[in-house]
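Novice: Can you read through this structure? Questions will come right after.
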Amino acid sequence: MLPNDGDLSLPLSLACPIEWTDYNGHMNVAYYARAFDIASAAFLSSTESPAAPLTLLRSRIDYRREVLEGAELRFDIRILPSAPDSGPHLAIFMMARPENGAESYLAAVEQREFRRP
């Protein structure tokens with residue numbers, strides 16, 4: 001079951017590898033989706049029963065700022081209200097910290113809505 005606390009930070013951080021970047025050194029849009037998928041899988045594996053699998057119903061990503069190669073990515077999750085018979089609805093905030101140690105910033109936000117089979 002999902003915790004009742006609406007805001008959670010994941011003990012997960014990723015570094016943006018060169019393979020995820022384009023010719024400008026910016027993270028490619030496909031890898032934003034991949035990073036959010038890794039974050040949501042880590043979160044759900046710690047909160048949901050494996051006997052009750054979830055299917056991703058809908059996803060929407062809002063891009064706020066470019067992520068550069070080597071940036072450290074951290075994810076904060078807010079559990080949004082959803083109907084009792086549906087799966088969880090999450091807002092996942094991707095925070096990026098550049099390799100040069102500059103201050104972290106909000107890079108992107110994804111809303112994910114799941115359903116139970």
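Novice: By count of other Cβ within 10 Å, fewest leading, how are Thr55, Thr47 ordered?
Specialist: The most exposed by this proxy come first: Thr55, Thr47.
Novice: On a 0 to 90 degree scale, rounded to 10, what angle separates helix 29-47 from the longest Cα axis of the chain?
Specialist: Once rounded, the angle reads 40 degrees.
Novice: Just rank Phe75, Phe114, fewest to most, by other beta-carbon atoms within 10 angstrom.
Specialist: Phe114, Phe75
Novice: Next question. Read through the labelled values (1) 17.7; (2) 20.5; (3) 14.8 and report the label of the one computed as Kirkwood radius over Cα pairs in Å from the structure.
Specialist: (3)
Novice: Is it possible to state the helix-based mean residue ellipticity at 222 nm for the chain, with each DSSP H run of 4+ residues giving -39500 (n - 2.57), the sum divided by total residues, to the nearest 500 deg cm²/dmol? What is it?
Specialist: Helices in the chain give a 222 nm mean residue ellipticity of -5500 deg cm²/dmol.
Novice: What FRET efficiency comes out for Ser86 versus Leu12 if R0 is 30 angstrom and r is the Cβ-Cβ distance? Round to the nearest 0.05.
Specialist: 0.75
Novice: Under the definition of Cα pairs under 8 Å and six or more residues apart, what whole-number percent is the relative contact order of the chain?
Specialist: That works out to 32 percent.
Novice: Could you list Val29, Val67 so that the one with the fewest beta carbons within 10 Å of its beta carbon is first and the one with the most is last?
Specialist: Ascending number of Cβ neighbours within 10 Å: Val29, Val67.
No value in this document is a laboratory result; all are computed from the given coordinates. Because the structure is a prediction, the values reported are computed rather than measured. Neighbour counts are summed over all protein chains in view; Cβ atoms, including those assigned to glycine, are modelled from backbone coordinates with ideal geometry.
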